[in-house]
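J.: Structure below; questions to follow.
The values are calculated or read from the model by the stated rules, or taken from the named source; none is laboratory data. Just so it is clear, the model here is predicted, and its values are computed rather than measured. Because the Cβ atoms are built from the backbone with ideal geometry, glycine has one as well, and the counts that use them run over all protein chains shown. Surface accessibility is based on the protein's heavy atoms, side chains included, excluding ligands, DNA and RNA. Shrake-Rupley method; radii C 1.70, N 1.55, O 1.52, S 1.80 Å.
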Amino acid sequence: MLKITVSGGEFWDSSKEEFFTIKPTTLHLEHSLISLTRWEQHYKRRFLDDGPKNSEEVLFYIQCMTLNKDVNPLTYSQL
């Protein structure tokens with residue numbers, strides 16, 4: 001298992017014109033067949049055989065590997 005600590009912080013939402021806070025979070029990640037299957041079902045192609053991935057695809061794979069429950073989706077944007 002891989003553990004990554006994502007620092008939190010205070011950020012500005014220009015669309016709502018307000019500040020919001022993201023708490024520091026330690027993500028518990030596990031590369032597994034389940035996470036590969038989730039990614040492949042979402043993108044309808046093979047993860048390992050299909051060349052380079054863009055940043056959106058990589059972040060989604062990190063989400064697929066995450067074992068934590070109830071992770072704020074904005075946490076991933078800090079990676």
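J.: So, for the range 23-65, what is the accessible surface per residue at a probe of 1.4 Å, expressed in square angstrom?
T.: 69 Å²
J.: Kindly express, to the nearest 10 degrees and within the range 0 to 90, the angle between helix 33-43's C-alpha long axis and the longest C-alpha principal axis of the chain.
T.: Rounded to the nearest ten degrees, it is 80.
J.: For the range 11-79, which whole-number percentage of the solvent-accessible area (1.4 Å probe, protein heavy atoms only) is attributable to carbon and sulfur atoms?
T.: Using a 1.4 Å probe with all protein chains present, the range 11-79 comes out at 54 percent carbon and sulfur.
J.: Over the range 1-43, what is the mean sequence separation of C-alpha contacts under 8 Å (at least six apart), divided by residue count, expressed as relative contact order in percent?
T.: 41 percent
J.: Still on this structure: How far, in nm, would the chain grow between Lys69 and Glu17 when pulled straight, counting 0.36 nm per residue and subtracting the alpha carbon separation?
T.: Extra length from Lys69 to Glu17 when fully extended: 15.8 nm.
J.: Can you give the angle from 0 to 90° between the axis of helix 55-65 and the longest principal axis of the chain, with both taken from C-alpha atoms, to the nearest 10?
T.: Rounded to the nearest ten degrees, it is 80.
J.: Taking 7 Å along the Cα-to-C-beta vector as the label spot, tell me the Glu40-Leu2 distance in nanometres, rounded to one decimal.
T.: My value for the distance between the label points is 1.9 nm.
J.: Return a whole-number percent for the relative contact order of the range 4-79, with Cα pairs under 8 Å and 6 or more residues apart as the contact set.
T.: With pairs under 8 Å counted, the relative contact order is 34 percent.
J.: Test of understanding: what is the full-extension gain from Ser55 to Leu79, defined as 0.36 nm times their sequence separation minus their Cα-Cα distance?
T.: 7.6 nm
J.: Given the rule -39500 (n - 2.57) for each run of at least 4 DSSP H residues, summed and divided by the residues of the chain, what is its mean residue ellipticity at 222 nm, to the nearest 500 deg cm²/dmol?
T.: Mean residue ellipticity, 222 nm, calculated: -9000 deg cm²/dmol.
J.: Only four residue types carry charge here, +1 at the Cβ of Lys and Arg and -1 at the Cβ of Asp and Glu. Report the dipole size of the chain about the Cα centre in Debye, rounded to the nearest 20.
T.: Computed about the Cα centre, the dipole is about 300 debye.
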